[in-house]
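Read the structure below first, then the notes.
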Amino acid sequence: MQRSGQRWTVQEDNDLLSEIERKLSIEDISKLHQRSANAIYLRVVQKASDQISLFGKPKDQVLQKFGITENDLVRFHERRTLDAKNLADRQSCEKRPENNELFEKMSDIEKRMENVEQTMTEIKQMLLELLNDDKSVSTPFLAPLPSSEIESSTNGADSEQKGFWSYINIK
């Protein structure tokens, strides 16, 4: 069928309603619309359901006009409900972190970031302790540089006031 999977146009819907009123068979309508008999049947039931639920038409009249039974409507609504539930379940499953590879990678990154934050906190604490010391630095990563390699961060201020930052600004 050429129109299989394509959206129904307003004109197609109007033609379908006209063909139903003329009592054409599902197979004949299928050929005219170039759609499967099942697609025609489902659209007929959907249109009947719309007439009842949206436009308030009497159910008995609609069922007779569309040539369907109440059981057809019940099955249609059950299927529509099941389809909606399946879609919601599928979307929920896709959003579930435990089913998502990206979530696993992000969790790993978050754990690594926590480790980095912990390490940074420890380093910060060590630096604060060093700054509060009597200016004698004994840790290898902050060993004083020869004065020829240090650029004053205090722009000529007393070397006694330079403190820790004199070890950071390297020429």
So how do 111-117, 25-31 stack up, highest first, on mean other-Cβ count within 10 Å? 25-31, 111-117
Set the Förster radius R0 to 30 Å, insert the Cβ-Cβ distance between Phe103 and Ile123 as r into 1/(1 + (r/R0)^6), and round the FRET efficiency to 0.05. 0.50
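Round to the nearest 0.05 the FRET efficiency obtained for Leu54 and Arg3 when R0 = 25 Å and r is the Cβ-Cβ distance.
Once rounded, the FRET efficiency stands at 0.55.
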Go through the range 7-13 residue by residue and turn each phi into a ³J(HN,Hα) via Karplus (6.51, -1.76, 1.60, θ = phi - 60°); whole Hz please, and just put x for glycine and proline. 5, 7, 8, 4, 4, 4, 4
How would you rank 119-126, 33-40, highest first, on the average number of other Cβ atoms within 10 Å across their residues? 33-40, 119-126
Listed highest first by mean packing, meaning other Cβ atoms within 10 Å per residue, what order do 72-81, 54-63 come in? 72-81, 54-63
Lys31 versus Thr81, label points 7 Å from Cα toward the beta carbon: distance in nm? 3.8
Using the Karplus curve 6.51 cos²θ - 1.76 cosθ + 1.60 with θ = phi - 60°, what ³J(HN,Hα) values do you get for each residue of the range 114-129, in whole Hz, with x for Gly and Pro? 4, 5, 5, 4, 5, 5, 5, 4, 5, 5, 4, 4, 4, 5, 4, 5
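Each value in this text was obtained by applying a stated rule to the coordinates, not by laboratory testing. Predicted model, so just to flag it, every value in this text is computed and none were measured. Cβ sites come from the backbone with ideal geometry, for glycine too, and all protein chains shown count toward neighbours.
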